[in-house]
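Q: After the structure tokens below, expect a handful of questions from me.
The values are calculated or read from the model by the stated rules, or taken from the named source; none is laboratory data. Please read all numbers here as calculations on a predicted model, not as lab measurements. Virtual Cβ from ideal backbone geometry, glycine too; neighbours counted across all protein chains shown. The accessibility values were calculated without ligands, DNA or RNA, using every heavy atom of the protein model including side chains. Shrake-Rupley method; radii C 1.70, N 1.55, O 1.52, S 1.80 Å.
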Amino acid sequence: MTSVAEAPTGRVEQRLLDGEVGLDAHLARHGRLPILDSSQIIGMARDAGLTGRGGAGFPVWRKLSAVAQAGGAAVVVANAAEGEPASRKDRALLAYQPNLVLDGLQLAAAATRAKAAHLYAPKAALPALRRLLVARRTAGLDRLEVTLHAAPDAFVSGEESAVVSAINGTGAVPADKRIRIIQAGVGGAPTLVQNVETLAHLALIARYGAGWFLTAGTADEPGTFLATVSGAVRRPGVIEAGYGVPLGDLIAAAGGATMPLQAVLIGGYHGGWVPADPALPVSRRALEPFGASPGAGVVVALPANACGLGETARIAGYLADQVAGQCGPCINGLPRMAATLADLAARRPRPGLPAEVERLARLVSGRGACRHPDGTARLVLSAMRAFEADVVAHLHGRCLATEGHR
Amino acid sequence: MRLHIDWTACDGRGVCTELLEEMLTEDDWGYPVLRDGKGEIPRALDGAARRAVDRCPRLALKLTQQ
Ligand SMILES: Cc1cc2nc3c(=O)[nH]c(=O)nc-3n(C[C@H](O)[C@H](O)[C@H](O)COP(=O)(O)O)c2cc1C
Ligand code: SF4
Ligand code: SF4
């Protein structure tokens, strides 16, 4: 499913995923990185309004300057774990344009004056990266040597404190957030963890400038992002577009819907359901009223003949299975919440069932070392809103999807 | 000051919910729930909060500035 869509339509636009594959092609197209110092790199990231592409959308320049100022030899980490099952964009980026990621990692290292750099990626991606790192070293491209680490295939393995624990050799599980990794992460050093797509954007900004970056996206949310479009579309795959791209353009770039759609899951398994409105802009601002955000760019199209409650119960069950067995409210609460939603989805109604789903969602939120419970609760609450009519039908033992009432 | 719970350490035996009833309740499984959701410690409960922190058998409770 890792295909890169061609034929840009509307605001679909190729920046990261454009161009030939390979180091020679990369150098011919983009040239070597300009020599920039810490304050220049941080300034460019700020002027470009670059935000993290790993899900939370945090301003990159703030993290860079916090780590640069934390004192002590910093460590930078490129995060390509991509534990989210509906996401393929980081794998696509590593397969097609890994040099942009590695350039970005060197820039992040220069910005934070780091003494060590790590790349954390699925095991299958490592052999090619190992060869590329040798070629780049021979070409004199990387000032700082990059150490590769295998990311386990689990939903939480890409959470930033899990990334740090994995590199520290204590297992890819999240840690308590009282001590922030910006202060003490890998080996106790101030640590920057950045998604690989974020780093690739930084590599382009360093070459073409903040002004260029601002020409895509919206005034508040500049630049492009990588979307992984799947579900009821003809050509599922990774598509690049400016923030604010109409949902319909993303679906069209994925070959169009295979049948009428009833809703779209945006942001991933920790995301939210939104109406399948082709005009809906994919931006934080436009998605906020639905309790959703572009997140890490996941877009799953739900066909009219599928049951949104059933689909959400399936995902919630998967997320409950992915709990890193550490925190009581998450270990107990997520399976209970998923099972309660599954009862509703399977039309095993009992009095107060919807209220119980909502109570559990609120009970688990904010009560774990990481935000896995919060994200799972967000998805479940958004389904209760988006599929309100289905909830009522299910309570009466009926299902709108299977009865063809749409 | 705020009360922080390290969920990776807490075992949910509920010593704290007894010592600090004003701020904590128990969930369905015995784990503490911050009544205000944030852990803000009112002046008057400073002493009680410190006692709960000292008595937590798993050292899961911490006082933080933020
Ligand atoms: C449960 C969970 C899983 C996550 N998985 C990933 C992941 O696979 N890749 C990623 O880049 N960020 C992931 N994140 C977000 C990271 O914690 C972190 O915010 C991000 O890597 C920072 O990079 P960015 O600012 O460039 O987005 C995850 C967060 C949570 C709560
Ligand atoms: S909140 Fe859940 S997923 Fe996150 S560390 Fe705790 S048990 Fe693991
Ligand atoms: S006393 Fe400590 S271990 Fe026991 S429930 Fe409270 S926080 Fe958890």
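Q: Would you please classify the overall shape of the stretch A:32-213 from the alpha carbon gyration tensor, given that a ≥ b ≥ c denote the square roots of the eigenvalues, rounded means a/c under 1.5, and beyond that prolate means a/b larger than b/c while oblate covers the rest? Could you put the intermediate results ahead of the total?
A: Details: a/c = 1.37, a/b = 1.13, b/c = 1.21.
Rounded, because the longest to shortest axis ratio a/c is under 1.5.
Q: Shifting gears a bit: Of the heavy-atom accessible surface of the stretch A:155-235 (probe 1.4 angstrom), what whole percent is carbon and sulfur?
A: The computed percentage sits at 53.
Q: When DSSP assigns beta bridges and you keep just the ones with both residues in chain A, what percent turn out antiparallel, to the nearest 5?
A: 50
Q: If you don't mind, there's one more thing I want to ask. Starting from the Cα gyration tensor of the protein assembly as shown, take the square roots of the eigenvalues, sort them a ≥ b ≥ c, and report rounded, prolate or oblate (rounded when a/c is under 1.5, otherwise prolate if a/b is larger than b/c, else oblate).
A: oblate
Q: I've got another one for you. Would you work out the Kirkwood radius for the stretch B:2-58? I mean one over the mean of 1/r across all pairs of different Cα atoms, in Å.
A: It is 11.3 Å.
Q: Give me a single rounded figure for B:27-33: the average over its residues of other chain Cβ atoms within 10 Å of their Cβ.
A: 6
Q: Around residue A:190, with a cut-off of 11 angstrom between Cβ atoms, what is the net charge of the other residues, counting Lys and Arg +1 and Asp and Glu -1?
A: Combined, the nearby Lys, Arg, Asp and Glu give +4.
Q: Accessible area per residue of the protein assembly as shown at 1.4 Å probe, in Å²?
A: Ligands and nucleic acids excluded, the result is 41 Å² per residue.
Q: Given the options B:65, B:31, B:19, identify the residue whose Cα lies farthest towards the positive end of the charge dipole of chain B (+1 on Cβ of Lys, Arg; -1 on Cβ of Asp, Glu).
A: Value computed over the given set: B:65.
Q: How many Å² of accessible surface get buried when A and B come together, counting both sides, probe radius 1.4 Å, rounded to the nearest 100?
A: Summing both chains' loss of accessible area gives about 1300 Å².
Q: Next question. Nearest 10 degrees is fine. How inclined is helix A:60-69 to the longest principal axis of chain A, computing both from alpha carbons?
A: Result, in degrees: 50.
Q: Something else now. Kirkwood hydrodynamic radius, the stretch A:308-403, all distinct C-alpha pairs: what's the number in Å?
A: Roughly 13.1 Å, rounded to one decimal.
Q: Then there is this: Just need log10 I(q)/I(0) for the stretch A:20-93 at q = 0.17, 0.20, 0.26 Å⁻¹, Debye formula, equal scatterers on the alpha-carbon atoms, no solvent, rounded to two decimals.
A: At q = 0.17, 0.20, 0.26 Å⁻¹ the computed log10 ratios are -0.96, -1.15, -1.17.
Q: Dividing the alpha-carbon Rg of the stretch A:216-266 by 2.2 N^0.38 Å yields what? Intermediate results must be reported in sequence, preceding the final value.
A: On the way: Rg = 11.3 Å, N = 51, 2.2 N^0.38 = 9.8 Å.
Cα-based Rg divided by the globular estimate yields 1.15.
Q: Spit out the partnerless Cys residues in chain A, using Cβ distances under 4.7 Å as the pairing rule.
A: So far as the 4.7 Å Cβ criterion goes, A:307, A:370, A:399 stand without a partner in chain A.
Q: Right, next: Which entries in B:38/B:62; A:89/A:177; A:115/B:62; A:63/B:38; A:89/A:123 show an alpha-carbon gap greater than 21 Å? Can you show the working numbers first?
A: Numbers: B:38/B:62 13 Å; A:89/A:177 28 Å; A:115/B:62 32 Å; A:63/B:38 24 Å; A:89/A:123 16 Å.
Violating the 21 Å limit, Cα to Cα: A:89/A:177; A:115/B:62; A:63/B:38.
Q: Using a probe of 1.4 angstrom, how much of the accessible area of the stretch A:308-403 is carbon and sulfur, in percent? Can you show the working numbers first?
A: On the way: 1970 of 3800 Å².
After summing per-atom areas, the C and S share lands at 52 percent.
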